[in-house]
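Contents: one structure, followed by commentary.
The values are calculated or read from the model by the stated rules, or taken from the named source; none is laboratory data. From a predicted model like this one, the values you see are computed outputs, not experimental measurements. Don't worry about glycine lacking a Cβ; one is built from the backbone with ideal geometry, like all the others, and counts go over all protein chains shown. Quick note on the areas: whole protein, heavy atoms, side chains included, nothing else; ligands and nucleic acids left out. Shrake-Rupley method; radii C 1.70, N 1.55, O 1.52, S 1.80 Å.
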Amino acid sequence: MLTISNLRKRYGGQVVLDGLNWFVPDGARVGLVGANGSGKSTLLRVVAGEVEPDGGAVVVPKDCTVGYLAQEVFGMSGQTVLEQALSAFADVRALEAECRRVEHALAEVPLDDPRHEELMAEYTDLRAEWDTRGSYDMEAQAERVLAGLGFRDSDLQRDCSEFSGGWQMRLALATLLLRRPQLLLLDEPTNHLDIE
């Protein structure tokens, strides 16, 4: 699933990663342990594609999706808890909107118009992708995951900014879990959480 070869990263004069090699097989659960400042977060950010290494390679399968939960979550405001969770489905919602756009165009173009055949081919491709990736119960999925992380029904319409850092971390985790990445990277996911 994940292969790291001769990875190198430095910040200014400080070498953070030097000649790192690592292999994580499919289905493995790995805990990365080390002292503060030893490069754990940098490694995760490189694997997630947020930071460019200075050398070496990170290889994940071409169709593998990577999800990354950072140590700190900032700036959640201006939308409700449920809206934030549903943002996990943004690409699916955009695909659905594109299907609707082509449906409306098909309704306007006569059958004998050459554009009709082009639109029909486009619609067929879009629907095939929707059938593979789409979901009719996105809101129910979001509510289920949020409830599993301790959110109550009464929390779902509250603004994200009303919640503490720990609850915002839970919300970020919910959003990430709803994306269903095949490679899940959690950087100190218990930061800011209470004992419960």
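For the reader, a short list of remarks on this structure follows.
- Here the sum of -39500 (n - 2.57) over DSSP H runs of 4 or more residues, divided by the residues of the chain, equals -13000 deg cm²/dmol at 222 nm, to the nearest 500.
- Between helix 114-133 and the chain: long-axis angle, C-alpha atoms, 0 to 90°, nearest 10: 40 degrees
- Ellipsoid semi-axes for the stretch 1-100, based on the Cα gyration tensor and the rule √(5λ), read 31, 18, 13 Å when sorted largest first.
- Counting only the Cα atoms, the stretch 49-137 fills a convex hull of 186 Å³ per residue.
- Relative contact order for the stretch 45-196: 45 percent, from Cα pairs under 8 Å spaced at least 6 residues apart, divided by residue count.
- P(r) tail for the stretch 94-173: Cα pairs beyond 17 Å make up 61% of the total.
- Building the convex hull from the alpha-carbon atoms of the chain and averaging its projection over directions returns 15.2 nm².
- Length released on extending from Gln71 to Arg180, taking residue separation times 0.36 nm less the Cα-Cα span: 37.3 nm
- Rounded tilt (10° steps) of 138-148 against the dominant C-alpha axis of the chain: 30 degrees
- Solvent exposure ordering (accessible area, 1.4 Å, most first) of Tyr11, Tyr136, Tyr123: Tyr136, Tyr11, Tyr123
- Extension gain for the segment Thr124 to Phe23, taken as residue separation times 0.36 nm less the Cα-Cα distance, is 32.4 nm to one decimal.
- DSSP-defined antiparallel bridges as percent of all bridges, the chain, nearest 5: 75 percent
- In nm, spacing of pseudo-spin labels at Thr132 and Leu111 (7 Å Cα→C-beta vector): 3.1 nm
- Gaussian network model of the chain, springs between alpha carbon atoms under 10 Å - residue of Val15, Val109, Val58 with greatest fluctuation: Val109
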